[in-house]
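Worksheet: the structure to be examined is printed underneath.
The values are calculated or read from the model by the stated rules, or taken from the named source; none is laboratory data. Note that the structure is a prediction, hence the values are computed from the model and not measured. Note that we place each Cβ from the backbone using ideal geometry, even for glycine, and neighbour counts take in every protein chain shown. We work out accessible area using only protein heavy atoms, side chains counted, and drop any ligands, DNA or RNA first. Shrake-Rupley method; radii C 1.70, N 1.55, O 1.52, S 1.80 Å.
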2 protein chains.
Amino acid sequence: MKRTFDIAPWHVATKEWDPQDKRLQESMTSLANENLGMRGFFEEGYTGDHMQGVYLGGVWFPDKTRVGWWKNGYPKYFGKMINAVNFMKLIIKVNDEQLDLAKQAPKNFKLDLDMKRGVLTREFTVAIGGTDMSFQFERFVSAVQKELVGQRVQIKNQGQNDAKVEVTSMIDADVYNEDANYDEQFWNVLSKHANGEYAELTSETKPNDFGTPQFTVGMQTTTKTDLDHVGDGTDAKDAYNNFAGTVVAGQTVTLEKRTVVVTSRDFDSQAAIEKRLNDLTDQFDAQSFAELLDPHVQEWADRWTKSDVEINGDEGAQQGIRFNLFQLFSTYYGNDYRLNISPKGFTGEKYGGATYWDTEAYCIPVYLGVANPEVARNLLMYRYKQLDGAFVNAQEQGLKGALFPMVTFNGIECHNEWEITFEEIHRNGDIAFAIYLYTKYTGDKSYVLNEGAEVLTEISRFWADRVHYSQRQNKYMLHCVTGPDEYDNNVNNDWYTNLLCQWTLKYTLEVLAEVDDQVAKKLDVTEDEKRHWKGIVDNMYLPYDKQKDIFPENDGFLDKDLKPVSEIPSDQLPLNQNWSWDKILRSPYVKQGDVIQGLWDFIDDFTKDEKKRNFDFYEQFTVHESSLSASVYSIIAADIGYEDKAVELYERSARLDLDNYNNDTSDGLHITSMTGSWLDIVQGFAGMRVRGDQLHFAPFLPKKWDSYQFRQTFRGRILKIRVDPDGTKIELVSGDPITIDLAGKQLELK
Amino acid sequence: MKRTFDIAPWHVATKEWDPQDKRLQESMTSLANENLGMRGFFEEGYTGDHMQGVYLGGVWFPDKTRVGWWKNGYPKYFGKMINAVNFMKLIIKVNDEQLDLAKQAPKNFKLDLDMKRGVLTREFTVAIGGTDMSFQFERFVSAVQKELVGQRVQIKNQGQNDAKVEVTSMIDADVYNEDANYDEQFWNVLSKHANGEYAELTSETKPNDFGTPQFTVGMQTTTKTDLDHVGDGTDAKDAYNNFAGTVVAGQTVTLEKRTVVVTSRDFDSQAAIEKRLNDLTDQFDAQSFAELLDPHVQEWADRWTKSDVEINGDEGAQQGIRFNLFQLFSTYYGNDYRLNISPKGFTGEKYGGATYWDTEAYCIPVYLGVANPEVARNLLMYRYKQLDGAFVNAQEQGLKGALFPMVTFNGIECHNEWEITFEEIHRNGDIAFAIYLYTKYTGDKSYVLNEGAEVLTEISRFWADRVHYSQRQNKYMLHCVTGPDEYDNNVNNDWYTNLLCQWTLKYTLEVLAEVDDQVAKKLDVTEDEKRHWKGIVDNMYLPYDKQKDIFPENDGFLDKDLKPVSEIPSDQLPLNQNWSWDKILRSPYVKQGDVIQGLWDFIDDFTKDEKKRNFDFYEQFTVHESSLSASVYSIIAADIGYEDKAVELYERSARLDLDNYNNDTSDGLHITSMTGSWLDIVQGFAGMRVRGDQLHFAPFLPKKWDSYQFRQTFRGRILKIRVDPDGTKIELVSGDPITIDLAGKQLELK
């Protein structure tokens, strides 16, 4: 654990400068707008250890993975969002000395991410070129103009003499990925030019052997400054404009850089990309920096109106929940159904910038509560549009129907561990379950009865082919799977996966009974198929242990050496850093909820006693070494009345990155895990449920808090729920009157 | 299946030339002498598709494997025997046209591997340079001088006019591996020179990031010819001598090339390598080609005296068994305990030229029957000398004692599939079992009571730490293992592995009771340890199914969808080429014997009925997609009286490579599987067993055969056993009188 930023309700800010924390600071001060984003690296360059990262949504490259013993059904590559051309670069010289905080120690340093406005500011004063100069950098990634990034630098001469200031505003394609199996660079420069008004560079990902797309990206920067334009240039891999001037003592000069980024995801030719670049540049040129920034700030204000959570009496918690929502919304806000939410968003290279089951299992439930339904719907559309890829994935395994990928950009599986790739198939059920959740929360059946029915049918066809019938047990089974608890691999009859399989088939049959003839005709589910599915639903094997009266995670689980986590010496934790994979696999230790995940999905389908017994059993073996784990346990703990436990577990995820809890935030933020704190507050502490068509709450107030208040979107309304020692107040902020259930009592809201 | 060579008792020869079969021919005509070897590629070069391969025993390179999701305990690299510098090269020009069978179609082509003498000959006539020339190439890899390779070319002018013939005798370091994760070359040239008498080139493997050894290799060639020496040269990566002359019509010119290869495995400085090169070159220079060849041929004659198997009435079988023994002996003949038997020997790049459990499980039982005990003893010493590496492998998994590697050069595990690397731990038991076999066959206890006791103790320490106690079952268990049947991965309680674990602990306790005080003191096995081992022996869980009265391969096996192989459409076989790994893992299909392997090891410990029931059960699910599989089934079939089945199964391995049965011999020969046919004949058909101190036979004669006859080494004797329709005749070829058991009757041999 390491806290490098001050606690404040709307800011992630620090006045400390420590090069040791550089990567951590870069992760924490990332900005993005779903379409593109970057780590908070310094635009002026930094020769010390750091991690430059500019990323473009949906622009990726297939990394070589075919080593050793490739087998049929293994993916051929590992997809990775690659480090994009760096358009942020602003090389600054004062009296011929280049600004570089690795060399000049800053004074009055201040780094400030304003979460309310979505603006990152950095200020400092340095002794440079024989004088003192102060700098203020601002940047934003526009939440309303997906192609736009704005930067402003103000440079003030704090010395006694004139200072010569030179600035080179550059687009630099000389970039590498840290994590790649290629030693080469990924970008070829197609064209570049620079003149006084702008610099432009178009690049393309290098050809690959895997038949996956190449991407063309055009970038155009304009620079407005009261320095003089003194020249331009291009090198093999860059294009730039030079500015210079004399800054007299006490004077401040300003430089604004606007960047427009257009990719071949939106325009299919280099000419079209260039036209779009020019059009947007012209449009933005006519606007001042404030005019570009204002709608961005307004958009963030709107987002907060729908989603803000206020916690009184715990500023750390307050900051945590806002930081989590800020970064989640930066990563995805439902503008483009071709994009999704990578576990590290635009904040680092880990997880390859690809889509995981995190989206359906953890993010959609949050968006359904804090944003317009379109956000979740677009995430559902993402999967629908990738059905063709899911067919391929199933075919690769010799199976029918659709197997959605564990990791993907385009629907094709691109992760390279077999025990995950084609065994962690619960994801197919999680995707089905998200359709159910969307329908339940929004009341909108248009998706489930059309695109959703198709997704569900094809997933069910997969399940029906993937199960086998055990003559010995007279039951349908799923052998060779991996559950969410990835500390057990290739197990037989993972309770959670079997349960989701059974549920999906049942739900699909229900949905098929409702679709119209045209959809039914298209899906062409035969009566035989339905009978077969019904047979699986009725005869699915679900592990149950009589003696302990619990659901064993899988067939072999209870034969393990069942020593609780409390008996592991603390210097051996976390296990994944201290134990071999061999010991971990054989151990009873649970990385993240597996049975608990199932209890969460179907929280109203189990008795309190069932939930208690299973929670008590599994909690003692759970090490929460997935950042997705503790928050789900917190919800179940709250549900069964373990309030203190619920709060304790909540605290593990609430400030995961702000406090660098897992000591890996320098690699990037845990974007999808950031949903956990919202889920814990709303589903856990406030007991929010949707039962039938009705919204339910049954809140408690954590002991440390004075009060908390959150917004909840539900079927066209925005509700404000406030919980304090006097009880719970629920207010209808907008929308039609509605009756909700508050701790068992009907409450009419107008 | 494809048979490209004629059937003959002592020759693998063909008069057919088909470029399609080039790689296959190269594999089949490989030569080696344990220390070095090469595929039968053409020394004059060949521009068509082929696979050049020269390999040096124990010279390897760590291939990069760290992609994706590396976890604690995973090996950091994959060791590979690399393609060595090509010292065979003889560029030949006739009237300025270069000889290249990809361009000049040969007439009167003949390729002949003489297995009796260990010599490869190739003859043909081509139209080249406006004339007809015939060529005869000979080569041998000396079985008595490990550093020596001899080549001879005879070139005859079959035309009417004089022909200008030029030959460049070269050492060429410009070589690549086909299978490598590096795009670069592995060899850096350290020095090179050439003059009229010889060419020399010293090279070193490039530095690697893994802390594994670099190898230096010196090569020196001398050329004797009746052509004129016309010049020498070196390029960046080669050294060569040029010869030329006019060959008049009808004249034959001869060129002999001798190569000496010395590596840093034997000499620790470049200077020492060069001295050795010069000394050997001088020594061989004083000898004629015949003088170099003769002792090599004599050595092969000696080998055949101990090992030859004669089969009358089936020439294909006759050729098969000799080819198998020839290639096995070429790969290893016990001269160097630092070397071992790679599954593909010196015949290709697959399996990386490394050591597998094949050595102990399949090769040692053969060498014990057909060679001096020193051969098997050196293979046991190989493991003893690598104990330090085995300690590291266990420590990497957080376990005590020794875990011998699945794949290795130096004792350190270098395979990169976790489900194999640290799960296929039965190998530890197989290594222990080989010590038992050696002792039983040879009567020599000097190994088991010294080095062997140490190996057994450390293996037992590993087992005792690797098991866990299941409170639920009150039994010791092994979870998360992979048995020999690699079509099931990461299973719980693999019957074979559990059995070997139990047996090893029991045997170690027996051995420890016999060791002298000094050894006991060194091993320092405490009474507590012994008690713990005894406890495991007494309470090991061994899967047994009451209903079917068989040993289930592992815990989940009988829950599978138990359809026999006969129900799989034939176009889906072999499964590993047609099914996804997902389907294979979930299926009941057995790649190679697992329970059957255990029945073989402990063949006298199970009743005939037990063996029958288990054979009948598993045979229906076994696809024999390991080349090691069918031969073991054949032995069990013979044991339980299924004679026809035994012969049928024998036939699958007897000519595996000669008939390209698995359609992959072009990659190299299945060296370790070649042991199968000998085991089937001797242990299967002839029922050879060692019981107590006595040798037993209980032969039958396969219906198709007129008779068979083999040699058997046993405790200082060589026996000749002949089986024909009149019965079995056993003759003592050499050694002291001995009483053996023939089908239950005591037979005194003098």
What is the residue count in the range A:655-668 for residues that are out of contact with any Lys or Arg (no Cβ under 6 Å at 6 or more places or on another chain) and not polar (S, T, N, Q)?
-> 6
If we keep only residues of the range B:160-172 that are of a type outside the set (A, V, I, L, M, F, W, C) and surrounded by 20 or more Cβ atoms within 10 Å (Cβ to Cβ), then the residue nearest to B:Leu99 (Cα to Cα) is B:Thr168
Test for B:Asp238: is it at negative phi, of a type in the set (Asp, Glu) and modelled with pLDDT of 95 or more | yes
Which of the residues that make up the range A:84-135 are within 22 Å of A:Lys164 (Cβ to Cβ) and of a type in the set (S, T, N, Q)?
-> A:Asn95, A:Gln98, A:Gln104, A:Thr125, A:Thr131, A:Ser134
Residue by residue through the range A:628-645, note down the ones that are within 17 Å of A:Ile671 (Cβ to Cβ) and either of a type in the set (Asp, Glu) or surrounded by fewer than 24 Cβ atoms within 10 Å (Cβ to Cβ) (or both).
-> none
Test B:Glu374 against the criterion of being surrounded by fewer than 24 Cβ atoms within 10 Å (Cβ to Cβ) and either touching a strand residue (DSSP E or B) at 6+ places or on another chain (Cβ under 6 Å) or modelled with pLDDT under 95 (or both), and give yes or no.
-> no
Identify the residue in the range A:398-439 that is more than 14 Å from chain B (Cβ to nearest Cβ) and among the aromatic types (Phe, Trp, Tyr) and, among all such residues, is surrounded by the fewest Cβ atoms within 10 Å (Cβ to Cβ).
-> A:Tyr436
Note down all Cβ pairs under 7 Å where the first residue falls in the range A:434-445 and is within 8 Å of A:Ala376 (Cβ to Cβ), the second is open to solvent by 20 Å² or more (accessible area, probe 1.4 Å) and among the basic types (Lys, Arg), and they're at least six residues apart or on different chains.
-> A:Tyr438/A:Arg377; A:Thr442/A:Arg715
Filtered residues of the range A:82-108 (kept if open to solvent by 10 Å² or more (accessible area, probe 1.4 Å), on the phi < 0 side of the Ramachandran plot and in contact (Cβ under 8 Å) with a residue 60 or more places away in the chain) | A:Lys89, A:Ile91, A:Lys93, A:Ala102, A:Ala105, A:Pro106
Test set (1) open to solvent by 20 Å² or more (accessible area, probe 1.4 Å); (2) within 19 Å of A:Thr263 (Cα to Cα) - A:Asn195 fails condition number = (2)
Any residue in the range A:728-747 that is assigned to a loop (DSSP other than H, G, I, E, B), more than 28 Å from the chain's Cα centre (by Cα) and crowded, with 19+ Cβ neighbours inside 10 Å?
-> no
Which ones in the range B:676-699 are under 18 Å from B:Leu656 (Cα atoms) and either of a type in the set (Asp, Glu) or outside any helix (DSSP H, G or I) (or both)?
-> B:Asp680
Check the range A:579-591 and report whether any residue there is open to solvent by less than 40 Å² (accessible area, probe 1.4 Å), more than 14 Å from chain B (Cβ to nearest Cβ) and part of a strand (DSSP E or B).
-> yes
Identify, please: which residue in the range B:256-277 is open to solvent by 60 Å² or more (accessible area, probe 1.4 Å) and more than 28 Å from the chain's Cα centre (by Cα) and is, among those, modelled with the lowest pLDDT?
-> B:Gln270
Could you please let me know if A:Val217 is of a type in the set (A, V, I, L, M, F, W, C) and open to solvent by less than 20 Å² (accessible area, probe 1.4 Å)?
-> yes
Determine, yes or no, whether A:Tyr384 is out of contact with any Leu (no Cβ under 7 Å at 6 or more places or on another chain), in contact (Cβ under 8 Å) with a residue 40 or more places away in the chain and closer than 20 Å to A:Ile425 by Cβ.
-> yes
Pairs returned, first residue in the range B:626-654 that is among the basic types (Lys, Arg), second residue that is open to solvent by 10 Å² or more (accessible area, probe 1.4 Å), beta-carbon separation under 7 angstrom, 6 or more apart or interchain, are B:Arg652/B:His624; B:Arg652/B:Tyr661
Do you know which residues across the range B:469-493 are open to solvent by less than 20 Å² (accessible area, probe 1.4 Å) and within 23 Å of A:Asp545 (Cα to Cα)?
-> B:Ser470, B:Met477, B:Leu478, B:His479, B:Cys480, B:Asn490, B:Val491, B:Asn493
Check on B:Gln395, closer than 24 Å to B:Ile82 by Cα, of a type in the set (S, T, N, Q) and open to solvent by 10 Å² or more (accessible area, probe 1.4 Å) | no
Which of the residues that make up the range A:136-180 are of a type in the set (A, V, I, L, M, F, W, C) and part of a loop (DSSP other than H, G, I, E, B)?
-> A:Ala143, A:Val144, A:Ala173, A:Val175, A:Ala180
Looking at the range A:544-567, which of its residues are surrounded by 12 or more Cβ atoms within 10 Å (Cβ to Cβ) and in contact with a Phe, Trp or Tyr (Cβ under 8 Å, 6 or more places away or on another chain)?
-> A:Asp545, A:Lys548, A:Ile550, A:Phe551, A:Pro552, A:Glu553, A:Asn554, A:Asp561, A:Leu562, A:Pro564, A:Val565
Applying the selection to the range B:120-157, what residues are β-branched (Val, Ile, Thr) and either surrounded by 23 or more Cβ atoms within 10 Å (Cβ to Cβ) or more than 28 Å from the chain's Cα centre (by Cα) (or both)?
-> B:Thr125, B:Val126, B:Ile128, B:Thr131, B:Val141, B:Val149, B:Val153, B:Ile155
Mind listing whichever residues of the range B:181-203 are touching a residue at least 60 places away in the same chain (Cβ under 8 Å) and assigned to a strand (DSSP E or B)?
-> B:Trp187, B:Leu190, B:Ser191, B:Tyr198, B:Glu200, B:Leu201, B:Thr202, B:Ser203
